[in-house]
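In what follows, a single structure is set out as structure tokens and then discussed.
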Amino acid sequence: MNLTDVSADLANVLYTQEQIDARIAEMAAQIDQDYADKNLLMVGILNGAVMTMADLSRSLTIHCEMDWMAISSYGSGVSSSGVVRILKDMNTSIVGRDVLIVEDIVDTGLTLSYLVENLRSRNPASIEIAAAFRKPEALKKQVDVKYVGFDIPNEFVVGFGLDYAGKYRNLRGLGVLSPKVYA
Ligand code: IMP
């Protein structure tokens, strides 16, 4: 699905797929360097990180392993509470591994800060975060995101894995969802 296919649903376009591709390639080049002599394990957070994981991992020139977690925030409403329930854990032990958490977006940071704490207790050699997008103005909990694609305004966005009510994940590019869609 392209941005033009859903232009009526978008308040504005933030990034085209081409712009995202170019930035993902830059992030991958940095990860290539940083993990050249390591044994990289990328852990994607379902469902949003599927596109980021697929594009970032395929842009690497080094080997990596991939695993997945599915998590959900406790609490009601649209904002995350920071208390996280693990719906699906990894299949891999991370003891002594160099773990790179792959996320779609860092919003409040509450989910990631819980997750990092949880994974750190499993004794990995190192743990870092890569996220395609980050909303600096929404941050409630300091999380150190080593690899960030784009800092974006504090608005509800869809595309590149990010959904509204389960839709738009397959949208190429990133746009701000028009409020009339959820009004
Ligand atoms: P956090 O704990 O507030 O950082 O929540 C992060 C999660 O909320 C992300 O992994 C997304 O799944 C979801 N999320 C945050 N902002 C957006 C958005 O603008 N569009 C769609 N999903 C979002």
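The values are calculated or read from the model by the stated rules, or taken from the named source; none is laboratory data. Model, not experiment: these values are computed from the prediction. For neighbour counting, all protein chains shown are included, and Cβ atoms are generated from backbone atoms with ideal geometry for every residue, glycine included. For accessibility, only protein heavy atoms count, side chains too; no ligands or nucleic acids. Shrake-Rupley method; radii C 1.70, N 1.55, O 1.52, S 1.80 Å.
Screening Met51 against (1) assigned to a loop (DSSP other than H, G, I, E, B); (2) within 18 Å of Glu103 (Cβ to Cβ) leaves a single unmet condition, (1).
Report, by residue number, each residue of segment 91-112 that is over 22 Å from Phe156 (Cβ atoms) and either in a helix (DSSP H, G or I) or in contact with a Phe, Trp or Tyr (Cβ under 7 Å, 6 or more places away or on another chain) (or both). Within segment 91-112, Asp98 is the sole residue that qualifies. Filtering segment 38-49 for residues that are crowded, with 17+ Cβ neighbours inside 10 Å and closer than 18 Å to Leu171 by Cβ leaves a non-empty set. With respect to Leu115, is the statement that it is assigned to a helix (DSSP H, G or I) and within 16 Å of the chain's Cα centre (by Cα) true? Yes: the conditions hold for Leu115. For segment 73-83, state whether one or more residues are open to solvent by 60 Å² or more (accessible area, probe 1.4 Å), within 30 Å of Ala183 (Cβ to Cβ) and of a type in the set (Phe, Trp, Tyr). Yes, that holds for at least one residue.
Scanning segment 130-157 for residues that are within 11 Å of the ligand (Cβ to nearest atom), surrounded by fewer than 23 Cβ atoms within 10 Å (Cβ to Cβ) and outside any loop (DSSP other than H, G, I, E, B) yields a total of 2. Within segment 13-28, the set of residues being surrounded by fewer than 21 Cβ atoms within 10 Å (Cβ to Cβ) and part of a helix (DSSP H, G or I) comprises Gln17, Glu18, Gln19, Asp21, Ala22, Arg23, Ala25, Glu26, Ala28. Any residue in segment 118-128 that is more than 10 Å from the ligand (Cβ to nearest atom), touching a Leu at 6+ places or on another chain (Cβ under 6 Å) and modelled with pLDDT of 95 or more? So far as segment 118-128 goes, yes, one or more of its residues are more than 10 Å from the ligand (Cβ to nearest atom), touching a Leu at 6+ places or on another chain (Cβ under 6 Å) and modelled with pLDDT of 95 or more. For segment 89-97, the criterion of being at pLDDT 95 or above, open to solvent by less than 40 Å² (accessible area, probe 1.4 Å), near the ligand (Cβ under 9 Å from one of its atoms) and in contact with a strand residue (DSSP E or B) (Cβ under 8 Å, 6 or more places away or on another chain) is met by no residue. Within segment 105-121, the set of residues being in contact with a Lys or Arg (Cβ under 9 Å, 6 or more places away or on another chain) and either over 30 Å from Gln19 (Cβ atoms) or acidic (Asp, Glu) (or both) comprises Asp107, Tyr114.
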